[in-house]
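S.K.: The structure that follows is given in the form of structure tokens.
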Amino acid sequence: MLGFGMVRAMSDQTQSPVTLGVRDLSARRGGRTIFEGLSFELQNSQSMAVVGPNGSGKSTLLRILAGLLRSETGTIQIDPDDRGAICFAGHRDGLKGALTVHENLRFWANLYGAAEPAVEHAVGRMALETVLDMPADMLSAGWRRRAGLARLALGTASIWILDEPYTALDTENVARIDTLLSTHVESGGIALLATHQAPGFTPTQRIDMADYRAKVPEGPEMDW
Amino acid sequence: MNTFFILVGRDLRLSVRHRADTVMVAGFFAITVILFPFGIGPEPGVLERVGAGILWVTALLASLLSLDHLFSDDEQDGALDLLLTSPAAPTVVVAAKIIAHWLTTGLPLTLLAPVLGITLQMPSSSAAPMMTALLIGTPTLSLIGAVGAALTLGARRRGILMPLVVLPLYIPILIFGVGAIDTTGMGFDAGGLFAVLGGFLLIAAALCPWAAAAALKIASE
Amino acid sequence: MHLPIQHVFLKLAAIIQPWAAGLCILCFLFGLPIALLFSPPDYQQGDTVRIMYIHVPAAWMGLFCYGVMAAGSASYLIWRHPVANMVAKASAPIGAMFTALCLLTGMLWGEPMWGTPWVWDARLTSMLVLFFLYLGYMALGDAFDSPEQGDKAAAILALVGSVNLPIIKFSVDWWNSLHQPSIFSMAGVSVDTAMLPPLFLMVGAFQLYYVVVVLMRVRAQVLTAKIRAARLMRAA
């Protein structure tokens, strides 16, 4: 019965077209253009790994796509154009230490409009049953990460934007995330992840931020 | 609207878990008020005359101190990023946090004020206008203070910066809050003054969530 | 990427600045002696009224600078124009200085008129709050590691302050009428026609001084930004 709710959510996803595209994107941080001329498009069941050295703008790109930062130039097309379409997971998990894992997860589920069966499904996917009633600040880093990423498994968002999702996870849990990702992509979702490690999950596309480093020197712009 | 209550519920649940925070704010309020008789002297006429002012100034400071972690907790553990990328509109997030803040600080201060008024030898007839004034005025403090808290998020020396930014904006509420209590105490009708306080509340409620949400977006950049 | 409007601004600034500076000196040269020496004394206040020739333009400039700051901040937030922000940032210390001058001259005026340098006069009190609004704006703008974040936060504060300023003025006026029915309010000074020429000269002098200094400050900010960009380039 629990699985049934989830299957419904997933099949809704496959039916609706999902697009995440950017055209000629550039970003500035601290008075410096860090990347420019970035274009790509992802559609149903496509995923992309964002790689590149430190400071090349991986996190900046993901935060722009999640709507946390403004790009300097370029257009972003997100379809469905709905705030709930995107689920973002950054370096920090956003867990409230004073709340139990279950309470944390249920809050996000309510906010994203996911029903109770979805919460139980997410708990199952991340194998959180044993820590469900523990306050989140008693968890180790790896457990926190798992509890934080369980938000993805609620199944409401069709576009996942993950910044270094594998941090602090052991191989078993890396595999768990991989399964989560591939299920999501297979059922029609889009996933975008910035990562150093090459995971078991193989994204359909790959973008190296080093290729989009700003080529034109800054000088002339400030030369007024 | 449902989103709003989910967010308020979460912050209330958190402050129940961290109930020491609310107790600390109330404790700060009480100890600071009690300092004044030592500073001014316990003569009945004097304390009674300045009582409303002491209570309001102290309430401003207590509200301000508690605003310090209104957004910073969520900012530090990453929840703020997730809230801002969630289906909830940023203004709704801000408005919910402000309501929750008021319920856990402004409201307790309002309830505590008459008790502290007794220690300042204020007549028992002043309790009703005092609580009314605080009831209308303290939400405005939370609203304006939330803008200050959002603006100073990530700033250096935030503890000193916040008062400098926020306290000048609190002055109108202080003036009319004290005015309403004193005018009633002198036996006049202060209905107009309560209406002005209500007007401030409406203006603040209309503008502050937007300003604070804009400030939060800047802070998350 | 060249942004022509910024070129125009700096070119224009280079032309305006020497003229404004010259005119400013002229205004002071004529205005100060007339105001402080040759204008008629007031029948009630005697020579004390001469302080008004500094006090009133300073008060006016204190408000004017806040207006520029708010307008500059708004256009920076809406159109993201860096020059608008630079003008707003440059206006703050000048406005704070004028506000402080207004408060100081107000106290000097109060000493003989009220018998005490500070009375909670409605106008002086409002100016005092204005001074703190300036302090808050400047402190907030400097409090961030990322200058851009400081600029934006301060810009929002300037707008919040500009909404609050009339409310503060209204509140302080009401509060003052309740507590302090002073015989000599600073508002109550009647202006004789003989006072107008020196007053206008001083207003002109202060206004031109503002133009000169704000242009200097904006230029300095442009240079600072250039140095910063050059350093970042080297680091990259």
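Every number in this text was worked out from the coordinates using simple rules, so none of it is lab data. If you're wondering where the values come from, they're calculated on a predicted model, not measured in any experiment. Quick reminder, even Gly has a Cβ in these numbers, built from the backbone with ideal geometry, and neighbours come from all protein chains shown.
S.K.: Mind checking the angle between helix B:19-40 and chain B's longest principal axis? C-alpha axes, 0 to 90 degrees, to the nearest 10.
M.R.: Around 30 degrees separate the two axes.
S.K.: Now a separate question. I'd like to compare C:152-164, B:22-34: which one has the highest average count of other Cβ atoms within 10 Å, and what's the full order after that?
M.R.: Numbers: C:152-164: 23.7, B:22-34: 16.5.
Averaged packing, sorted descending, gives the order C:152-164, B:22-34.
S.K.: Could you tell me the convex hull volume per residue, in Å³, taken over the Cα atoms of segment C:49-198?
M.R.: 114 Å³
S.K.: Also: Mind checking which of C:Ala229, C:Pro198, C:Leu37 is farthest towards the positive end of chain C's charge dipole, using Cβ charges of +1 (Lys, Arg) and -1 (Asp, Glu) about the Cα centre?
M.R.: With unit charges placed on the Cβ atoms, the residue in question is C:Ala229.
S.K.: Find the centroid of the Cα atoms in segment A:132-173 and in segment B:9-60, then give the distance between the two in whole Å.
M.R.: 42 Å
S.K.: Sticking with this one: Is chain B rounded, prolate or oblate when judged by the Cα gyration tensor, a ≥ b ≥ c being the square roots of its eigenvalues, rounded requiring a/c under 1.5 and prolate requiring a/b larger than b/c?
M.R.: In terms of gyration-tensor shape, prolate.
S.K.: Taking Cα pairs under 8 Å and at least six residues apart, what relative contact order does chain B come out at, in percent?
M.R.: The normalised contact order for chain B reaches 27 percent.
S.K.: Run through segment B:120-216 and list the trypsin sites (Lys or Arg not before Pro) located in a DSSP loop whose Cβ has at most 14 other Cβ atoms within 10 Å.
M.R.: B:Arg156, B:Arg157
S.K.: Of the listed pairs C:Lys11/C:Lys169; B:Lys217/C:Lys89; C:Lys89/C:Lys169; C:Lys152/C:Lys226; A:Lys58/C:Lys11; A:Lys96/C:Lys89, which have alpha-carbon separations greater than 30 Å here?
M.R.: Distance filter (> 30 Å) returns C:Lys11/C:Lys169; A:Lys58/C:Lys11; A:Lys96/C:Lys89.
S.K.: Still on this model: Measure off 7 Å from each Cα along the Cα-to-Cβ vector at C:Leu108 and B:Ala205, then give the distance between these two points in nanometres to one decimal.
M.R.: 4.9 nm
S.K.: Once every DSSP H run of n ≥ 4 in the protein assembly as shown is given -39500 (n - 2.57) and the sum is divided by its residues, what mean residue ellipticity at 222 nm do you get, rounded to the nearest 500 deg cm²/dmol?
M.R.: Helix-only estimate at 222 nm: -22000 deg cm²/dmol.
S.K.: Quick one: grab the alpha carbon gyration tensor of the protein assembly as shown, order the square roots of its eigenvalues as a ≥ b ≥ c, and give me rounded if a/c is under 1.5, else prolate or oblate depending on whether a/b is larger than b/c. Please report the intermediate quantities before stating the final value.
M.R.: Details: a/c = 3.13, a/b = 1.44, b/c = 2.17.
Judged from the Cα gyration tensor, the protein assembly as shown comes out oblate (a/c at least 1.5, b/c at or above a/b).
S.K.: Ok, one more. What is the average number of partner chain Cβ atoms found within 10 Å of a Cβ in C:129-136?
M.R.: 4
S.K.: Now for a different question. Using a cut-off of 14 Å between beta-carbons, work out the net charge of the residues near B:Ile171 (Lys and Arg +1, Asp and Glu -1, B:Ile171 not included).
M.R.: 0
S.K.: Angle between the Cα long axis of helix C:4-33 and the longest principal axis of chain C, 0 to 90 degrees, nearest 10?
M.R.: Once rounded, the angle reads 20 degrees.
S.K.: What size of dipole, in debye to the nearest 20, comes out for segment B:2-220 about its Cα centre when the only charges are +1 on Lys and Arg C-beta atoms and -1 on Asp and Glu C-beta atoms?
M.R.: Rounded to the nearest 20 debye, it is 280 debye.
S.K.: From other protein chains only, count the Cβ atoms within 10 Å of every residue's Cβ in C:144-157, then give the mean.
M.R.: Numbers: counts 7, 4, 6, 2, 6, 8, 4, 1, 7, 11, 2, 3, 9, 9.
For this peptide, the per-residue mean of nearby foreign Cβ atoms is 6.
S.K.: Quick one: grab the alpha carbon gyration tensor of segment C:1-128, order the square roots of its eigenvalues as a ≥ b ≥ c, and give me rounded if a/c is under 1.5, else prolate or oblate depending on whether a/b is larger than b/c.
M.R.: Note, shape of segment C:1-128 comes out oblate.
S.K.: Also, I was wondering about something else. What distance in nm lies between label points placed 7 Å from Cα along the C-beta direction at C:Leu223 and B:Asn2?
M.R.: About 6.1 nm, to one decimal.
S.K.: For B:Trp102, C:Trp114, what's the fewest-to-most ordering of other Cβ within 10 Å of each Cβ?
M.R.: Starting with the residue having the fewest Cβ neighbours, the order is C:Trp114, B:Trp102.
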